[in-house]
Amino acid sequence: MSLPESSPVSAFLMYKKKSKNNKPKLKSTGHEESNLSGSPPSKKNKKLLKSDQHNKKHLKVKNKELRISVENPKKHKGITPSTQLFDDRRMIKRKQNGVATTKKLKKPLQKHLIESSDENPPILVPIQTPSTGSSLRSEAIMDASISEFMSKLNKTDPSPEGLKLFKWLIAPINPSVFFDEYWENEVMHIKRDKPSYYTCILTTQRLDDIFREFPLYYTTNVDVVSYENGVKEVHNEQGRVVASGLYDYYSNGCSIRVLNPHTYDQKVHLLISTLQEYFGAMVGANVYLTPPNSQGFAPHYDDIEAFVVQLEGRKYWKLYKPKGSDILARTSSGNFKHEDIGEPFMEVTLNAGDLLYFPRGTIHEGRTDPDQHSLHITVSVYQQNSYADLLEQLLPQALKTAATNNIDFRKGLPLNYLKHLGCVNKNKKTKERKAMEKNMEKLVKDLVNYMDIDLAADKLGRKFMYDSMPPVLSKQEVYYTSKYDGDFMRDGKIYNRIEIGMDTEVRLVRYHCLRLVVEDVPKIYYNTENAKYYHGEEEQFLVIDHDLTSCVAKLQNDYPEFTRVEDLPTEDGIAKAQLVSDLWERGLLVTNGPLTALSDGEDEDIESELSE
């Protein structure tokens with residue numbers, strides 16, 4: 001089997017180890033379903049049929065050659081910088097010489113990112129679903145050697161794996177360099193000369209399978225778009241997508257956008273959920289398939305930090321400076337006309353294996369040449385994740401608290417204050433106006449004393465839980481969750497009834513799998529039961545007693561270490577065992593080994609044992 005030249009190094013991935021005794025190697029068993037879809041336009045246009053090609057105008061424009069400026073080369077290899085992006089921030093220009101290529105053989109040479117490692121690159125392996133229900137779990141329990149092996153692997157710390165994946169994504173740039181020099185500041189182009197670098201994520205062959213295997217719908221899951229002569233058109237039909245229909249559009253120069261590829265592909269789901277844990281914020285992805293000599297979208301900017309990952313083919317990009325408040329934009333723009341945005345500050349070609357990063361607010365457009373199609377995935381992060389968004393949560397609550405506790409906020413406005421304030425009075429300098437301005441300044445300063453930044457952060461955390469993708473667990477982890485451990489049925493009988501005891505050791509499956517929010521009552525919001533598409537399920541939460549909030553805090557603060565149920569900070573053994581059981585049943589906890597199965601009659605004695 002031929003492996004990709006490089007793949008993410010992650011605890012969520014199974015390694016193909018070198019084996020002296022030539023034991024069989026682990027292989028991918030297929031693709032499972034994998035959340036974020038945008039809000040696509042609802043405009044419906046007529047489809048360009050092949051039979052009408054002689055009468056319809058082709059959606060093509062003349063190709064224009066793009067040139068790249070490489071002034072003032074710097075030390076980082078494979079990086080093409082922009083010219084100055086923002087007037088108030090200096091842009092560093094970098095030489096675009098690529099990373100050295102590997103000699104091509106029938107089977108590509110594999111080179112691990114960590115030079116000291118003796119392992120081949122890992123491959124993405126979806127979680128296997130046993131064909132006989134929970135028999136996989138019961139068989140593992142019966143086989144002591146397997147159980148021991150799994151128990152050791154289960155102790156792997158998953159917390160650094162997002163960093164490893166991000167390092168692979170932006171290699172050879174170190175993440176610390178990226179966040180110091182590029183993040184929210186300037187454009188970064190990584191040129192590799194390794195066409196297969198990102199093929200482990202997605203290919204057109206896999207995309208074709210998705211079109212045929214899953215029920216995708218126009219506007220909800222797929223957009224068909226074109227941009228010609230300054231006009232963007234959406235050609236979405238009603239109803240379900242059919243592959244042959246999509247390819248008819250494609251043959252007529254239309255681009256295809258898949259809004260939630262992670263719903264249908266386990267590898268994309270894995271990419272998104274792993275980066276989500278690393279950033280501690282919602283991560284999304286759209287896939288764009290563009291035929292040769294065409295463009296799908298008008299110049300525009302988005303409200304996300306964008307990582308454009310070129311999977312196949314190539315695409316020419318033009319980037320334009322944002323203006324004023326559009327820098328680090330909080331909302332996406334409409335479509336721009338070229339006469340309104342001036343000349344691009346950067347023009348760059350993305351070939352397969354290359355990456356382009358640009359901050360939110362950067363105006364951009366991309367086009368293919370006559371000789372190559374393009375397949376790329378845009379990974380998006382940090383949508384509505386700014387200080388302004390935190391303050392939107394913070395200030396209303398602070399004002400409510402201040403009005404409750406400070407009489408100055410409840411005092412009435414001066415008589416006839418409207419004669420001194422408002423647009424018709426803004427140029428007046430009356431003593432009444434000055435007195436009100438001075439009093440407002442004092443109240444705003446006092447408001448700081450009533451701000452609860454933790455509550456505001458928890459509100460954003462609650463939103464994150466609802467917006468985010470459910471985590472992807474490794475095979476080793478999933479055996480010790482409620483998915484495969486515990487009760488199973490054979491011939492109408494229930495076997496392997498389990499017990500949460502005081503000696504049971506547990507940890508959260510991920511740090512960002514839940515958020516405790518204490519308002520009127522404490523609630524645990526979580527994402528393990530989210531749908532694999534945006535807001536496909538209702539918001540998931542669990543109400544708990546106030547006495548148990550410290551237990552949740554300990555589980556989160558101890559992560560990624562395991563915690564004994566007995567060590568949770570409450571004296572009520574039944575309550576903390578029930579809390580752990582509730583979290584375990586919702587897929588939020590992994591145990592440090594298989595749970596103890598009850599013998600006949602033992603379950604009646606559990607409550608009395610916990611009470612002691």
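To two decimal places, what compactness ratio does segment 431-485 give when its Cα radius of gyration is scaled by 2.2 N^0.38 Å?
Details: Rg = 23.8 Å, N = 55, 2.2 N^0.38 = 10.1 Å.
Against the empirical 2.2 N^0.38 Å value, I get 2.36 for segment 431-485.
Please give the residues of segment 226-260, grouped as numeric ranges, whose backbone N is less than 18 Å from a label point set 7 Å along the Cα-to-Cβ vector of E213. Label zone hits: 241-244, 258-260. Take segment 202-345 with all the other protein chains still there, run a 1.4 Å probe, and you get 34 Å² of accessible area per residue.
Once the mean 1/r over all distinct Cα pairs of segment 306-423 is inverted, what Kirkwood radius in angstroms do you read off? Don't skip to the end; give the middle numbers.
Values: mean 1/r = 0.0539 Å⁻¹.
About 18.5 Å, per the Kirkwood formula over Cα pairs.
Calculated accessible area for segment 420-579 comes out at 53 Å² per residue, all protein chains present (probe 1.4 Å; ligands, DNA, RNA ignored). The residues packed around Y320, meaning those with a beta-carbon under 11 Å from its beta-carbon, carry a net charge of -2 if Lys and Arg are +1 and Asp and Glu are -1.
The simple spin-label model puts a point 7 Å past each Cα toward its Cβ; for R564 and V518 those points are separated by 2.6 nm.
Using 0.36 nm per residue of separation minus the Cα-Cα distance, give me the extension gain between D582 and E339 in nm, one decimal.
Values: separation 243, 0.36 × 243 = 87.48 nm, distance 5.92 nm.
Here the answer is 81.6 nm.
When the listed pairs K431/K459; K315/K463; K267/K318; K445/K554; K167/K459; K191/K232 are checked against a 32 Å cut-off, the alpha-carbon distance exceeds it for K431/K459; K315/K463; K445/K554.
Using a 7 Å offset from the Cα along the Cα-to-Cβ direction at both E432 and R497, what is the distance between the two label points in nm, to one decimal? Label-label distance for E432 and R497, simple model: 7.8 nm.
The alpha carbon centroids of segment 237-273 and segment 532-560 are separated by 34 Å.
The values are calculated or read from the model by the stated rules, or taken from the named source; none is laboratory data. All of these numbers come straight from a predicted model, not from anything done at the bench. Note: ideal-geometry Cβ built from the backbone for every residue, glycine included; neighbour counts use all protein chains shown. Heads up: the accessible areas ignore ligands, DNA and RNA and are worked out on the full protein's heavy atoms, side chains in. Shrake-Rupley method; radii C 1.70, N 1.55, O 1.52, S 1.80 Å.
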